[in-house]
Structure formats: C-alpha cells, structure tokens
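Following: one structure in structure tokens, then a few remarks.
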Amino acid sequence: AQSVTQLDSQVPVFEEAPVELRCNYSSSVSVYLFWYVQYPNQGLQLLLKYLSGSTLVKGINGFEAEFNKSQTSFHLRKPSVHISDTAEYFCAVSDRGAQKLVFGQGTRLTINP
Amino acid sequence: EAQVTQNPRYLITVTGKKLTVTCSQNMNHEYMSWYRQDPGLGLRQIYYSMNVEVTDKGDVPEGYKVSRKEKRNFPLILESPSPNQTSLYFCASKLADGGYNEQFFGPGTRLTVL
C-alpha cells in the first residue's frame, strides 16, 4: 500500500520569493506521482505529474517538481511566487496499473505581499 | 465540454435524513470514484467503480453507499447521515484502459450534517 506525507501543513511566503513544498511517499512498487492544486472554493486541478523518464517535471503556472527515488521524495518548487498562487496543494501517488490515487494531507500556501 | 458534474454543490441537512449526491461525467470513462476531503487529512477514497455494476470499497466506506447502473452516473448515498460525515466531497472519473489516464475531478459538494 502507498502512503504520502506532506511535511508542512502551512507555508507562508512573500510575493516573488521562491517556495518549496515537500512531499515524501512510501511504496513497495513503481509509482506515478502527482501534484494537484485547489484554489479557494474550487475543485482539484492537476499541476504536474511524473510517469517516467526525466526526474525533473515541469507543470503549469511555472511550477516544477523533482522525483528522487532514493529519497522517495517529490518536492514541488517555484522560483518566484505570485499572490495568485495562494491555494492548497496536494501531493498524490498511484500504483502503476492501478486506478487509485492516494493523497497527502495537503499544504496551504499563503502568499504575503 | 468534457466535465464531471456534482449536485448539489452545497447541502445542509440533519442527522438521519437520507440524502443522495449525484455525480455525472460525459467522457465515457469506465472508472469513477468518490473522495472526502477533511482538514489535515487530505482526500480519502470512499468508494470506486471500475465499470457499470462493479463497485468496491475505498479507505473510508462506512456510512456510505454507491451504485453504478449507468456508465455516466455514480451517485453517493448517505442512508442515515451523521455529523462526522460533514465534509467536502469530490467525484472523479478516468479512463481505465490499463495505462496512465488523468483523473478528472468534479467541483465538489460541501455537506453539513447538523
């Protein structure tokens, strides 16, 4: 069975500062990894995904994530955040070939002007 | 437009009053799933369905029922709601052809049980 741990429940940063949201997973098999974003009062939107190949994955809105198999991590980064990035971010894992997504607890990103 | 729709979007009810949250998708997806989202717990799967008439429990199925009589619809039924089922509920769907396919989420249903 897979599990996902998001190490920070809340991350406050100043506008135009860099940010990293941390995600660690556990699984005994090869996995797919995802980051979803949930803007206030909205549903979930896929930000980026790792399926295979290059360990650095680029997503929408300038976000990127790096898959590190040895550390079982998939941290999300953005070099310069905007007020509009204020949202909750969820890391998720899926067993290859399975349909189920297992989510982390979520990280609330707050951007201060 | 390809989408997953849920109704109602907001619902306040009382303990014990049966309710149904509908979910419909227009993408001919085989797989559909229900999640609940609670602060500090992320999203947890309630039930899922691999196809018509095929449903199975997720991680938190207690107190919920589902049915899949048609491919496009996957209603979530709370026979006797309790306050601990106050939550934000999401329906999702995806193709299930063995490879990777993106899971699409509905807009959510915020349920309050008094």
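Worth a mention:
- Residue satisfying all of: in the range B:69-114; of a type in the set (D, E, K, R), surrounded by 15 or more Cβ atoms within 10 Å (Cβ to Cβ) and within 20 Å of B:Arg44 (Cβ to Cβ); farthest from the other protein chains (Cβ to nearest Cβ) among these: B:Arg110
- Residue that is within 24 Å of A:Ile111 (Cβ to Cβ), surrounded by fewer than 20 Cβ atoms within 10 Å (Cβ to Cβ) and at pLDDT 90 or above, where the choices are A:Tyr39, A:Tyr32: A:Tyr39
- For the range B:29-57, a residue qualifies if it is assigned to a strand (DSSP E or B) and among the hydrophobic types (A, V, I, L, M, F, W, C), and the qualifying residues are B:Met32, B:Trp34, B:Leu43, B:Ile46, B:Met50, B:Val54.
- The condition of being aromatic (Phe, Trp, Tyr) and within 13 Å of the chain's Cα centre (by Cα) holds for only one of B:Tyr100, B:Tyr35, B:Tyr10, that being B:Tyr35.
- When A:Ser27 is tested against the conditions (1) over 12 Å from the mean Cα position of the chain (by Cα); (2) loosely packed, with under 15 Cβ neighbours inside 10 Å, the lone failure is (2).
- Residue in the range A:42-56 that is nearest to the chain's Cα centre (by Cα), counting only those that are more than 15 Å from A:Gly106 (Cβ to Cβ) and of a type outside the set (A, V, I, L, M, F, W, C): A:Lys49
- Within the range B:71-88, the set of residues being over 12 Å from the mean Cα position of the chain (by Cα) and assigned to a loop (DSSP other than H, G, I, E, B) comprises B:Lys71, B:Arg72, B:Glu79, B:Ser80, B:Pro81, B:Ser82, B:Thr86.
- Looking across A:Ser70, A:Ser80, A:Ser28, A:Ser54, one residue alone is touching a Pro at 6+ places or on another chain (Cβ under 9 Å), more than 14 Å from chain B (Cβ to nearest Cβ) and outside any strand (DSSP E or B). It is A:Ser80.
- Condition check for A:Ala98: within 14 Å of chain B (Cβ to nearest Cβ), under 26 Å from B:Ala92 (Cα atoms) and modelled with pLDDT under 95: yes
- In the set (1) away from chain A (no Cβ under 11 Å); (2) surrounded by 15 or more Cβ atoms within 10 Å (Cβ to Cβ); (3) at pLDDT below 95, B:Glu53 fails one condition alone, (2).
- Restricting B:Glu70, B:Glu79, B:Glu53 to those that are closer than 25 Å to A:Arg96 by Cα and out of contact with any Phe, Trp or Tyr (no Cβ under 8 Å at 6 or more places or on another chain) reduces the list to B:Glu53.
- When the range B:24-41 is filtered for residues that are surrounded by 21 or more Cβ atoms within 10 Å (Cβ to Cβ) and on the phi > 0 side of the Ramachandran plot, nothing remains.
The values are calculated or read from the model by the stated rules, or taken from the named source; none is laboratory data. Just so it is clear, the model here is predicted, and its values are computed rather than measured. Neighbour counts are summed over all protein chains in view; Cβ atoms, including those assigned to glycine, are modelled from backbone coordinates with ideal geometry.
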